[in-house]
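S.K.: Quick one: the structure is below, questions incoming.
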Amino acid sequence: MGQQNQGIDTLALHAGQVPDPTTGSRAVPIYQTTSYAFKDADHAADLFALRAFGNIYTRLMNPTTDVLEKRLAAITGGTGAVATATGQAAIFYSICAITQAGQNIVTGDKLYGGTYTLFTVDLKRFGIEVRFVDSSDPENFEKAISLKSDYAPAHFLMAMIYVREGKIVEAIDKLEMTKGVAPSDTGLAFQLGFLYYNNEQLNKAKAEFERAILLDPNYSNARYFLGLIYDREENKKEAILQFERIEQFNPENQEVKRILANLRAGRPALEGIVPGQPPVEEKPAEQLE
């Protein structure tokens, strides 16, 4: 059964992991290692330079944590996830990823005490203002958002709220407002392109993915969806070019290899592929009887 057809209970138990190929173990192993072996010095150099994907040090990534991140993304319908050691760390990461000194965010006023202290004391030391509103009425968030450029993160957060509520058009409007004051934000370009893509506005999605790649030529996620758009336009040549570029960054990505095989054979890019899942081995006919 493809992941897109699985219920939340199945995803919560199995998403992001396949049984161990050697033992057949169904449970996720707990990898207690701190470090990892490298094939050779060149392999290590490529990993640390981010030219190749792989495990470097458990503080940065760990196979057990990787399953958790993939599982959370699958359950929530996200494109990815980052697991942290504490909820407080997750909140701090989220805020610092989208704002900086001189900017602000808008938040509901019903918060855990530690989070309230983080927002009123610690973030203030970094020059980040936090505006509190009565969260019982979503319109209060709208009223607290300023149109000034230094409040762009608030528009971004409001867009994420709209996404959670399924209001994609409203989310796109907020991100477009943010783009006006942050035209060089690569992540914003991708997020906007992703929303347009899921809203079947492919021309606008294409423009945003191309903008993301112009800002960062190594942005594999943008190239992935741009390649899918080219495929839907029956432009196999351009689709192949995008996925070949991804393969250069990550030559071990089996999904990309299978997509390229489909495209080169003239088939739809995702034929027989569940994004994010390993290939399913086809059993010989005699085993199916």
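Here's the yes/no breakdown for (1) within 23 Å of residue 15 (Cβ to Cβ); (2) at pLDDT 85 or above:
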{"position": "25", "(1), (2)": "yes, no"}
{"position": "30", "(1), (2)": "yes, yes"}
{"position": "35", "(1), (2)": "no, yes"}
{"position": "38", "(1), (2)": "no, yes"}
{"position": "41", "(1), (2)": "no, yes"}
{"position": "48", "(1), (2)": "no, yes"}
{"position": "59", "(1), (2)": "no, no"}
{"position": "65", "(1), (2)": "yes, yes"}
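S.K.: Could you tell me whether any residue of the range 91-105 is under 27 Å from residue 157 (Cβ atoms), in contact with a Lys or Arg (Cβ under 8 Å, 6 or more places away or on another chain) and β-branched (Val, Ile, Thr)?
M.R.: Checked the range 91-105: at least one residue is under 27 Å from residue 157 (Cβ atoms), in contact with a Lys or Arg (Cβ under 8 Å, 6 or more places away or on another chain) and β-branched (Val, Ile, Thr).
S.K.: Just to confirm my filter: which helices (runs of 4 or more DSSP H) fall fully inside the range 32-106 and include at least 3 residues that are in contact (Cβ under 8 Å) with a residue 24 or more places away in the chain and either of a type in the set (A, V, I, L, M) or not assigned by TED's automatic domain parsing to the domain that holds residue 126 (or both)?
M.R.: The helices (runs of 4 or more DSSP H) meeting that bar are 63-76, 87-98.
S.K.: Still on this structure, please answer the following. Tell me the residue from 236, 174 that is touching a residue at least 24 places away in the same chain (Cβ under 8 Å) and surrounded by 17 or more Cβ atoms within 10 Å (Cβ to Cβ), please.
M.R.: The unique qualifying residue is 236.
S.K.: Condition first: under 30 Å from residue 63 (Cβ atoms) and surrounded by fewer than 16 Cβ atoms within 10 Å (Cβ to Cβ). Can you find one or more residues in the range 95-111 that meet it?
M.R.: The answer is yes; a qualifying residue exists.
S.K.: Next question. Among the residues of the range 161-183, are any of a type in the set (Gly, Ala, Ser), assigned to a helix (DSSP H, G or I), closer than 26 Å to residue 73 by Cα and modelled with pLDDT under 80?
M.R.: Scanning the range 161-183 turns up no residue that is of a type in the set (Gly, Ala, Ser), assigned to a helix (DSSP H, G or I), closer than 26 Å to residue 73 by Cα and modelled with pLDDT under 80.
S.K.: Does residue 80 satisfy being closer than 30 Å to residue 129 by Cβ, modelled with pLDDT under 85 and either small (Gly, Ala, Ser) or surrounded by 11 or more Cβ atoms within 10 Å (Cβ to Cβ) (or both)?
M.R.: Yes, satisfied.
S.K.: Among the residues of the range 38-54, how many are in contact with a helix residue (DSSP H, G or I) (Cβ under 7 Å, 6 or more places away or on another chain) and buried (at least 16 other Cβ atoms within 10 Å of the Cβ)?
M.R.: 2
The values are calculated or read from the model by the stated rules, or taken from the named source; none is laboratory data. Remember, it's a predicted structure, so these values are computed and weren't measured experimentally. Glycine also receives a Cβ, built like all others from the backbone with ideal geometry; neighbour counts cover every protein chain displayed.
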